[in-house]
Amino acid sequence: MTYSITGIAYLILLFVLGYLFYRLLHYWKKERDPASRQALYIVGFFGLFVLNAAISGLFFADNPIILEKAAKANSFIQAFAFAVVAYHVIYLKFPKISPWIGFIPIFILGLIAAILTLTHLHFSPFLEASGSINWGFSSSSMAVPVLLLRTFISLVTLVPLIIIFLLQFKNSENYLIRRKSLGISFVFLFVLIGALLDFLLIRIFNLDPIWRDMVFIICGAILLITLVLTLTDSKTKSLKYEPR
């Protein structure tokens, strides 16, 4: 059995998302409001993505067939994750509009990207001497359009969500709400950085995958410290968005 730094990096991220899921579950149990439930779904889907990557990277780093299947399965998980983020953004920012207006188009675009990944892209993953997994991304003519589509989906969903929580951090007079908003905005900022690294920078600019793993490990450590410092109190019942 061959391990990889990539698997370790994703394992660290899994611990971070696991802690965040635990804290969000705590908030949801107190008030059972829709916003906390949606946040649970978002973190759950991203956690499933990271779990899949961690297992394949830790235990199947020398098995290109399983690595390829894991990468393609994750493209479908991302379709659900980003669609729920879009739903959450509409729910928080535009309460008079049905959140499904955000969910449906993003989900369709995500499915298109996932199906194209499954049918048109062929990976040749291998373990590099550095210990990082090179996913051997396809050189198909569809590779760049699919990457750009997945990058667009991540930007159009995560950037608005980050802005929403940063605005709440700026505008709220409640210190605990401001602290939590800052922590959550950091989480999704690092998710966006990870998505851009994975979808765009590593593959298009042909950067060494070890840089991706190092960024993931550093971001994971920073996130864990940030979440422990910002989400540990029990005085605030939920993570409701105030300026609705």
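Here are the numbers for the structure shown:
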{"read-out": "Residue pairs meeting the criteria (Cβ under 7 Å; at least 6 apart or on separate chains; first in a loop (DSSP other than H, G, I, E, B), in the range 52-68; second surrounded by fewer than 17 Cβ atoms within 10 Å (Cβ to Cβ) and modelled with pLDDT of 90 or more)", "value": "Phe60/Ile66"}
{"read-out": "Qualifying position, being surrounded by 19 or more Cβ atoms within 10 Å (Cβ to Cβ) and part of a helix (DSSP H, G or I), among Leu176, Leu92, Leu182, Leu148", "value": "Leu92"}
{"read-out": "Whichever residue in the range 122-140 is within 18 Å of Ser75 (Cβ to Cβ) and surrounded by fewer than 17 Cβ atoms within 10 Å (Cβ to Cβ) and, among such residues, is modelled with the lowest pLDDT", "value": "Ser139"}
{"read-out": "Any hit, the range 60-68, residues being among the small types (Gly, Ala, Ser) and over 23 Å from Leu196 (Cβ atoms)", "value": "yes"}
{"read-out": "Checking Thr117 against (1) crowded, with 21+ Cβ neighbours inside 10 Å; (2) closer than 20 Å to Leu207 by Cβ; (3) at pLDDT below 90, the condition it does not meet", "value": "(2)"}
{"read-out": "Flag if Phe107 is crowded, with 21+ Cβ neighbours inside 10 Å and within 16 Å of the chain's Cα centre (by Cα)", "value": "no"}
{"read-out": "Test for Ala86: is it out of contact with any strand residue (DSSP E or B) (no Cβ under 6 Å at 6 or more places or on another chain), among the hydrophobic types (A, V, I, L, M, F, W, C), part of a helix (DSSP H, G or I) and within 11 Å of Thr157 (Cβ to Cβ)", "value": "yes"}
{"read-out": "Selection from the range 95-112 of residues that are part of a helix (DSSP H, G or I) and over 20 Å from Ile163 (Cβ atoms)", "value": "Trp100, Ile104, Phe107, Ile108, Leu109, Gly110, Leu111, Ile112"}
{"read-out": "Cβ pairs under 7 Å, 6+ apart, first in the range 29-42 and under 19 Å from Phe94 (Cβ atoms) and assigned to a helix (DSSP H, G or I), second modelled with pLDDT under 90 and of a type in the set (Lys, Arg)", "value": "Ala35/Lys240"}
{"read-out": "Filtered residues of the range 123-145 (kept if part of a loop (DSSP other than H, G, I, E, B) and touching a residue at least 24 places away in the same chain (Cβ under 8 Å))", "value": "Phe123, Ser124, Pro125, Glu128, Ser130, Gly131, Ser132, Trp135, Gly136, Phe137, Met142"}
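Conditions (1) over 20 Å from Leu161 (Cα atoms); (2) within 12 Å of the chain's Cα centre (by Cα), marked per residue:
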residue: Ile12; (1), (2): yes, no
residue: Val16; (1), (2): no, yes
residue: Gly47; (1), (2): no, yes
residue: His88; (1), (2): no, no
residue: Lys93; (1), (2): no, no
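The values are calculated or read from the model by the stated rules, or taken from the named source; none is laboratory data. It should be emphasised that the depicted structure is a prediction, and the values quoted were computed from it without experimental measurement. Don't worry about glycine lacking a Cβ; one is built from the backbone with ideal geometry, like all the others, and counts go over all protein chains shown.
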